[in-house]
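Right, one structure below, let's go through it.
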Amino acid sequence: MLAAQAKGVGTVPQAFATDYAPQIKEHLGISADKRLVLGISVGYPDMAAPVNDFRTERSPLEEIATFVE
Ligand SMILES: Cc1cc2nc3c(=O)[nH]c(=O)nc-3n(C[C@H](O)[C@H](O)[C@H](O)COP(=O)(O)O)c2cc1C
């Protein structure tokens, strides 16, 4: 996702895609023994669209991560 962002391509991780694993695997020719764990939608974001001004809150880094040196 970071690599896509660096190329100006937006992504949205979507776990719900796994609800459609059989259909997605059949459509993309992915073998049945592979497990679908996540879908990632990819596209060029329209930054002029009002919805793209929406920002969700983030917890402070200290609250969610511990760095061990
Ligand atoms: C691993 C992962 C799976 C996600 N799966 C879904 C999903 O199935 N449906 C959904 O509406 N959002 C899902 N999200 C949330 C959205 O991708 C995205 O994070 C959300 O639109 C809020 O954007 P923000 O993370 O910039 O606040 C998932 C996020 C992550 C990190």
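The values are calculated or read from the model by the stated rules, or taken from the named source; none is laboratory data. Every value quoted in this text rests on a predicted model; they were computed, and no experiment measured them. Positions of Cβ are generated from backbone atoms using ideal geometry, with glycine treated the same way; all protein chains shown enter the neighbour counts. Just the protein is used for accessible areas: all its heavy atoms, side chains included, with ligands, DNA and RNA removed. Shrake-Rupley method; radii C 1.70, N 1.55, O 1.52, S 1.80 Å.
In nm, give the distance between the simple-model label positions of Leu36 and Thr18, each being 7 Å from the Cα along the Cα-to-Cβ direction.
The modelled label-to-label distance comes out at 1.2 nm.
Could you work out, for the chain, what percent of all Cα-Cα pairs fall into each 5 Å distance bin, beginning at 0 Å and stopping at the bin that holds the largest distance?
The percentages, shortest bin first, are 3, 12, 13, 15, 17, 16, 12, 8, 2, 0.
If R₀ is 30 angstrom, what is the calculated FRET efficiency for the pair Tyr44 and Ala65, using the beta carbon separation as r and rounding to 0.05?
Numbers: r = 31 Å, r/R0 = 1.03.
With a Förster radius of 30 Å, E is 0.45.
Can you give me the solvent accessible area of Ile64 with a 1.4 Å probe, rounded to the nearest 10 Å²?
In the full protein context, Ile64 sits at about 120 Å².
Considering only protein heavy atoms, what per residue accessible area in square angstrom results for the range 2-64 with a 1.4 angstrom probe?
90 Å²
Take the solvent-accessible surface of the protein heavy atoms, probe 1.4 Å, and return the percent of it on the range 2-64 that carbon and sulfur atoms account for.
That share works out to 58 percent.
Check each of the trypsin sites (Lys or Arg not before Pro) in the range 19-69 and keep only those in coil by DSSP with at most 10 other C-beta atoms within 10 angstrom; list them in order.
Passing sites in the range 19-69 are Lys34, Arg35, Arg55, Arg58.
Note down the accessible area of Ser31, probe 1.4 Å, to the nearest 10 Å².
60 Å²
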